[in-house]
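Since every read-out is calculated from the coordinates, none of them should be taken as a lab result. Because the structure is predicted, anything quoted here is derived from the model rather than measured. Cβ: placed from backbone, ideal geometry, glycine included. Neighbour counts: every protein chain shown.
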């Protein structure tokens, strides 16, 4: 499959969009780490945003204070979420189970 070559202006717009998406995801993770935002708020209200919807659930969990790679993997295994799942790809039951599990966190 051949992709059409992008013009310089199209490349610039794509770079700016990607940079904005990375900044948005970093801001959400930072707010989770500081306690200004909860996983529930991200999953229920911000998952519709394109940049946040593309955030991996593993990265979202690792942003929680005291949660590293192993604990995040354990949480995902307990809830039944694949390691590569993104926020917008969570099912209704997965969202509910994840929120209930992390309610005390």
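Miscellaneous remarks
- Percentage relative contact order, the chain, counting C-alpha pairs under 8 Å, at least six apart: 24
- Reference-scaled alpha-carbon Rg (2.2 N^0.38 Å with N residues) for the chain: 1.22
- Nitroxide proxy distance, nm - points 7 Å out along Cα→Cβ at residue 71 and residue 2: 5.3
- Rounded to the nearest 500, the helix-only mean residue ellipticity at 222 nm of the chain stands at -17500 deg cm²/dmol, with each DSSP H run of n ≥ 4 adding -39,500 (n - 2.57).
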